[in-house]
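Inspection log for the structure reproduced underneath, given as structure tokens.
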């Protein structure tokens, strides 16, 4: 296995990095954080026109058909820039769910609009503190083609055009249903969250007309979470790398006792451990990207390992970035808290670390029992 990106993917990575450096600096991230807008619409349109959000969507559905590893490349650069755009909700979740469902009519209707950025989709699974993988805990129901229940938190749920909602039918089988979020009977509430650039919402449904995407989603939903976990792992690695670079730059210029603080052993050890965690996460993410592209049996195991390693690397790096900056690192005016916010927000998406550890242990048991 070649655990590296191809030359073509590296060119895409370099171009994405240049574009985001020019059009999505941290001042722009702050404008979304401190303003009324839920995401950067101008940046969303720019990356849509560049074809990024449709990179893994097939050409027959209006995408570029470049494969999911290319989307991983783009995800890392979006993470590096802390890009305040709904790629995770619309592409990692909604588009991937449509691709997995084999519902050709809905895929033909929605995927081209997702690829172009015309529509924003999201996935609504959880109903509060219950783990996402605990599908038997779902209480939302579909009766006579109409859905009733509530979902929270839903990523970008307050601005998405449609949602794919997990609900039980009359027989108690968990399926996935497409709903227009602007329809009568839908009530959306923006929730307070640690990172307003990745906003969360509560959505109430009262007898809302819906379209069946897949009648029994019990096998599809875990696979969907695995796919999304791989993309998010690359976002976390990109953001952690940017935080490490910020820490290194600051350690070179900040002086104490007449010397740059980067010359002190304690700071060197911090930076070295940050780098080590990131590289461990990167190796796990490369393996998961291979499993994702190949649709390999190892995907569940690889995705869990990548998710856990990337979450650990980003959370650790974000915290140590604040520590490296000292007192100023804890202020609103300094930038380290932007990375800490994003690290906590991404860690809480797609289930808890405890749930992913359980999944990893389960997959390891299956692997060694085979």
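The values are calculated or read from the model by the stated rules, or taken from the named source; none is laboratory data. Here the structure is a predicted model, which means the values were calculated and not measured. Glycine also receives a Cβ, built like all others from the backbone with ideal geometry; neighbour counts cover every protein chain displayed.
Return yes when residue 238 is in contact (Cβ under 8 Å) with a residue 24 or more places away in the chain, under 30 Å from residue 293 (Cβ atoms) and assigned to a loop (DSSP other than H, G, I, E, B) and no when it is not.
Values: in contact (Cβ under 8 Å) with a residue 24 or more places away in the chain: yes; under 30 Å from residue 293 (Cβ atoms): yes; assigned to a loop (DSSP other than H, G, I, E, B): no.
No: the conditions fail for residue 238.
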(request) Go through the residues of segment 203-214 one by one and say whether even a single one is within 23 Å of the chain's Cα centre (by Cα), under 22 Å from residue 44 (Cα atoms), outside the structural domain of residue 54 (by TED's automatic domain parsing) and modelled with pLDDT of 95 or more. (result) no
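Tell me the residue from 338, 354, 360, 366 that is part of a helix (DSSP H, G or I), under 30 Å from residue 34 (Cα atoms) and either out of contact with any strand residue (DSSP E or B) (no Cβ under 8 Å at 6 or more places or on another chain) or in contact (Cβ under 8 Å) with a residue 60 or more places away in the chain (or both), please.
Details: 354 fails: under 30 Å from residue 34 (Cα atoms); 360 fails: under 30 Å from residue 34 (Cα atoms); 366 fails: under 30 Å from residue 34 (Cα atoms).
Being part of a helix (DSSP H, G or I), under 30 Å from residue 34 (Cα atoms) and either out of contact with any strand residue (DSSP E or B) (no Cβ under 8 Å at 6 or more places or on another chain) or in contact (Cβ under 8 Å) with a residue 60 or more places away in the chain (or both) holds for just one of 338, 354, 360, 366, which is 338.
For segment 56-80, give me the residue count where each residue is part of a loop (DSSP other than H, G, I, E, B) and crowded, with 24+ Cβ neighbours inside 10 Å.
The first filter runs over segment 56-80 and keeps only residues part of a loop (DSSP other than H, G, I, E, B), leaving 56-58, 62-67.
Within this subset, residues satisfying the condition of being crowded, with 24+ Cβ neighbours inside 10 Å are 56-57.
Of the residues in segment 56-80, 2 are part of a loop (DSSP other than H, G, I, E, B) and crowded, with 24+ Cβ neighbours inside 10 Å.
Based on what the data block shows, is residue 318 assigned by TED's automatic domain parsing to the domain that holds residue 226, under 14 Å from residue 238 (Cα atoms) and within 16 Å of the chain's Cα centre (by Cα)?
No, not satisfied.
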(message) As an exercise: evaluate residue 199 against (1) under 18 Å from the mean Cα position of the chain (by Cα); (2) closer than 30 Å to residue 290 by Cβ and give the number of the one condition it does not meet.
(response) (2)
(request) Please find, within segment 6-37, the residue that is nearest to residue 289 (Cα to Cα) out of those that are under 20 Å from the mean Cα position of the chain (by Cα) and assigned to a loop (DSSP other than H, G, I, E, B). (result) 24
(request) Please tell me if residue 142 is modelled with pLDDT of 95 or more, farther than 14 Å from residue 97 by Cβ and not in a loop (DSSP other than H, G, I, E, B). (result) no
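Considering only segment 114-137, state which residues are more than 15 Å from residue 164 (Cα to Cα) and assigned to a helix (DSSP H, G or I). Before you say what the answer is, go through the steps one by one.
Of segment 114-137, the ones more than 15 Å from residue 164 (Cα to Cα) are 115-118, 128-131, 133-134, 136-137.
Correct list: 115, 116, 136, 137.
How many of the residues making up segment 312-357 are out of contact with any helix residue (DSSP H, G or I) (no Cβ under 9 Å at 6 or more places or on another chain) and closer than 27 Å to residue 226 by Cβ? Spell out the reasoning first.
Here is the first cut: in segment 312-357, the ones out of contact with any helix residue (DSSP H, G or I) (no Cβ under 9 Å at 6 or more places or on another chain) are 327, 332-333, 345, 348, 352, 354-355.
Restricting the remaining residues to those that are closer than 27 Å to residue 226 by Cβ gives 345, 348, 352, 354-355.
Final tally of qualifying residues: 5.
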